[in-house]
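The values are calculated or read from the model by the stated rules, or taken from the named source; none is laboratory data. Please read all numbers here as calculations on a predicted model, not as lab measurements. Don't worry about glycine lacking a Cβ; one is built from the backbone with ideal geometry, like all the others, and counts go over all protein chains shown. The accessibility values were calculated without ligands, DNA or RNA, using every heavy atom of the protein model including side chains. Shrake-Rupley method; radii C 1.70, N 1.55, O 1.52, S 1.80 Å.
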Amino acid sequence: MAGKVVIDAERCKGCGLCVAVCPKHSIEISTESNKNGYYPARATNVDCTGCSRCAVICPEGVIEVSREEASRIRAVAATIRTEAAGLVEKKG
Amino acid sequence: MGTEVMAQGTMKTVFKRTSVMKDCPTHYCPGCGHGIAHRLVAEVIDELGIRERTIGIAPVGCAVLMYNYIDVDMVEVAHGRAPAVATGMKRTNPDKIIFSYQGDGDLAAIGTAEIIHAAHRAEQLTVVFINNAVFGMTGGQMAPTTMLGQVTATTPEGRQSNGQGFPLQISEIMALLPGAVYVERCALSGVQRIQQTKAAIKHAFELQIEGARGLSLVEVLSPCPTYWRMAPGDAMKWIEDHMSKVFPIGRLKG
Amino acid sequence: MAEAAIMAGCDAYFGYPITPQNEISAYMARRMPEEGRVFIQSESELAAINMVFGASATGKRAMTSSSSPGVSLMQEGLSYMAGAELPAVVINVMRGGPGLGNIAPSQADYFQATRGGGHGDYRTIVLGPASVQEMADCMPLAFDLADQYLITVMILADGVLGQMMEPVSLEAKPRRKLPAKNWALTGAKGRPQNIVRSLWLADGALEAHNNKLQARYREIQEKEVLCEEYRMEDAEIATVAYGIAARIARSAVDRAREEGIPAGLIRPITLWPFPSEQISRAAERFPVFLTVEMSAGQMVEDVRLAVSGKAPVLLYGRPGGGIPTVDEVLDRIRQLTVHGKQTVA
């Protein structure tokens with residue numbers, strides 16, 4: 001399951017705590033500073049599982065995490081819905 | 001049924017900034033524990049659905065500007081007096097949820113009498129006590145919770161017990177008071193620690209919501225990278241390896 | 001005083017034991033719970049005033065009472081309430097000072113009350129009742145003034161008034177039309193968050209805030225002065241006194257009149273705002289003023305400011321809990337006339 005992390009680069013103060021706690025080491029410190037002069041963290045999202053460890057430890061609360069639902073479950077659920085709808089029409 | 005079926009599944013947000021935190025940057029130093037602690041308090045208020053009947057009290061210290069960050073009715077009070085102000089508020093507004101958020105200078109130095117007597121009277125309050133072992137706002141002076149040997153602006157040779165006394169263990173003291181119904185010491189020194197801290201803060205608020213007859217206090221060991229003169233990551237480690245030996249983490253009561 | 005406070009809708013009383021005002025807290029301890037209201041004996045006067053701060057910040061009517069040393073501990077709180085524009089009522093039953101002093105009556109906290117013992121430019125309205133009836137009447141007035149001007153109203157009584165027994169009629173008085181307390185902390189339901197604070201860090205913000213407070217104080221000075229004149233119409237010697245000292249001066253004036261000496265009394269009831277105008281006008285007519293105080297002389301300075309040199313302002317003051325007697329005051333009045341119309345200090 002892939003995850004995605006979005007870090008508000010302008011509000012990040014580059015404390016590096018998220019970089020330290022990310023189990024997949026997929027967050028790094030950017031080489032360009034933001035307008036406040038901090039070098040913010042940057043999510044590469046490589047192997048990110050959406051575990052949210054980075055967001056939990058972020059002192060600025062500027063990390064948003066999303067995670068991809070298991071795609072197979074979604075597909076199966078969708079087919080059931082379409083069949084049920086079909087049955088209703090035939091009976092109705 | 002709004003979720004369209006996409007070829008490879010949908011992205012679901014699993015962590016988002018709570019709306020109880022106002023959408024603005026904080027003035028805190030990079031890696032400061034206050035930012036985390038504020039967020040935990042805000043998330044707890046959000047999850048318990050009490051934003052509209054909560055009144056918060058900001059201390060004098062780094063967190064004096066808390067009212068700029070937490071979107072509930074708030075008041076900023078004189079240094080150390082928060083528990084007395086909270087008492088005046090709670091007694092005249094028993095239906096409101098009153099919390100005070102204080103640092104170690106505010107609560108354990110100038111405000112010691114107030115916190116002891118608020119518990120002594122079994123006031124039905126929630127107190128979040130941030131212990132970062134130093135006076136942050138005024139430039140890193142010794143706090144009552146500064147540890148032996150710890151260098152601060154006013155203990156240049158490291159705190160010596162003769163003349164500068166011993167680190168003050170607030171949670172242990174508070175646990176002795178019958179009027180304190182729940183006392184727990186937590187830390188912000190890691191993801192799991194932070195989750196425990198949030199659970200403790202939530203429990204402290206729940207007790208007040210349920211009308212528990214007494215005061216809840218959660219002591220939070222919190223990093224101050226600037227005045228510990230450490231990088232944020234090292235400060236977190238210092239809490240885990242050193243501070244938690246002087247201030248044992250755990251639930252002391254209730 | 002306490003019952004009048006309850007009738008005025010006082011929601012909460014916070015206090016700490018100190019002679020000579022323990023009767024108020026003892027009474028409140030019994031009556032407030034009966035009314036389903038809040039009574040707390042706090043751990044210190046410092047805590048008491050901050051409890052008042054808290055209750056007031058949520059829009060409640062709150063009060064405390066103490067005596068001189070205790071009121072000294074409240075000065076920080078008073079400054080914070082002034083900065084945060086919070087209404088409150090504080091009773092100071094003054095006793096001999098400085099330091100632990102004694103428990104005899106005194107008026108030596110006049111400066112502290114009228115100038116503000118806390119930090120920063122701020123004022124509190126200060127009332128000086130001279131009878132038990134007036135002390136009772138002061139309570140509804142104090143709460144109304146506090147709510148109207150978002151200010152602390154301090155009532156200066158003294159050890160004598162505190163212990164006196166006098167008939168009192170306690171009818172409920174209609175409240176003034178008061179502004180709604182939209183600023184109060186009641187939980188941000190259906191409205192943006194309210195913040196009560198005295199911290200103004202932004203550039204120029206605190207100065208602007210001060211100017212707003214000063215404008216309000218000027219309005220109080222214009223509208224809320226209370227002063228009583230006694231036998232002043234044909235007087236040639238004006239005594240000035242408040243509280244118990246005024247009762248003594250009043251008797252001395254009567255005695256002086258019996259001896260043909262045309263004396264009169266100006267009795268400020270609001271010590272701040274001070275009746276400077278009345279006294280300044282009186283200074284056009286009177287060759288001499290005698291201020292009578294139970295202190296080393298504090299209100300005398302306000303009288304001198306008001307008279308501003310038009311006439312000599314003398315003082316008969318007894319500090320440290322000393323109570324001037326009628327004879328002593330009368331003797332001073334006599335001295336002022338022995339030297340003929342031109343009076344000599």
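Structural remarks
- Label zone (C:Arg191, point 7 Å along Cα-to-C-beta; backbone nitrogen cut-off 15 Å) within segment C:142-175: none.
- For B:Leu177, the shell of other residues with beta-carbons less than 15 Å away shows a net charge of -3, using +1 for Lys and Arg and -1 for Asp and Glu.
- Shielding of peptide B:229-235 by partners, expressed as the average count of other chain Cβ atoms within 10 Å per residue Cβ, is 3.
- Summarising the label geometry, the points placed 7 Å from Cα in the beta-carbon direction at C:Glu301 and A:Thr79 lie 9.3 nm from one another.
- Its relative contact order, with pairs defined as Cα atoms under 8 Å and 6+ residues apart, puts chain B at 19 percent.
- The length gained by stretching the chain between B:Lys12 and B:Arg229 to full extension, at 0.36 nm per residue less their Cα-Cα distance, is 74.2 nm.
- Peptide-level mean, for B:45-57, of C-beta atoms on other protein chains within 10 Å: 3
- Straight-line cross-link reach from C:Lys223 at under 24 Å between alpha-carbon atoms covers these lysines, not counting any fewer than eight positions away in the same chain: C:Lys173, C:Lys177, C:Lys181, C:Lys212.
- Gyration tensor (alpha-carbon) shape descriptor, segment B:57-107, a/c threshold 1.5: oblate
- For chain C: relative contact order, % (alpha-carbon pairs under 8 angstrom, 6 or more apart): 16 percent
- Axial C-alpha extent at least 30 Å, average Kyte-Doolittle at least 1.6 - helices from chain B (DSSP): none
- Where labels lie 7 Å past Cα in the beta-carbon direction, separation of C:Glu34 and C:Thr19 in nm: 2.7 nm
- Gyration tensor (alpha-carbon) shape descriptor, segment C:248-345, a/c threshold 1.5: oblate
- At R0 = 45 Å, FRET efficiency that the Cβ-Cβ distance of B:Asp46 and B:Asn162 yields, to 0.05: 0.40
- Chain A, helix-only ellipticity at 222 nm - DSSP H runs n ≥ 4, -39,500 (n - 2.57), divided by all residues, nearest 500: -10000 deg cm²/dmol
- Summary of the geometry: segment C:55-110 and segment B:185-239, compared by the centres of their Cα atoms, lie 37 Å apart.
- Binned Cα-Cα distances of segment A:3-91, short to long, each 10 Å bin given as a whole percent: 17, 36, 17, 12, 11, 6, 1
- Remark: mean inter-chain Cβ contacts per residue of A:12-22 equal 5, using a 10 Å Cβ-Cβ cutoff to other protein chain atoms.
- Surface exposure of chain C, expressed per residue as accessible area with a 1.4 Å probe, stands at 39 Å².
- In terms of the mean number of neighbouring beta-carbon atoms within 10 Å, the peptides B:160-171, C:76-87, B:195-206 order highest first as C:76-87, B:195-206, B:160-171.
- The angle between the Cα long axis of helix A:71-91 and the main principal axis of chain A comes to about 30°, on a 0 to 90 degree scale.
- Listed peptides C:35-41, B:123-129 by packing density, highest first (mean Cβ within 10 Å): B:123-129, C:35-41
- Modelled spin-label separation between A:Lys24 and B:Ala122, with each label point placed 7 Å from Cα along the Cα-to-Cβ direction: 5.2 nm.
- Theoretical gain in end-to-end length, B:Ile110 to B:Lys237 [0.36 nm per residue, Cα-Cα removed]: 42.8 nm
- Spatially proximal lysines relative to B:Lys198 (Cα-Cα < 25 Å; intrachain offsets below 8 disregarded): A:Lys4, A:Lys13, A:Lys24, B:Lys12, B:Lys16, B:Lys22, B:Lys90, B:Lys96, B:Lys237, B:Lys245, B:Lys253, C:Lys189
- Local net charge near C:Leu73, Cβ-Cβ under 12 Å (Lys/Arg +1, Asp/Glu -1): -2
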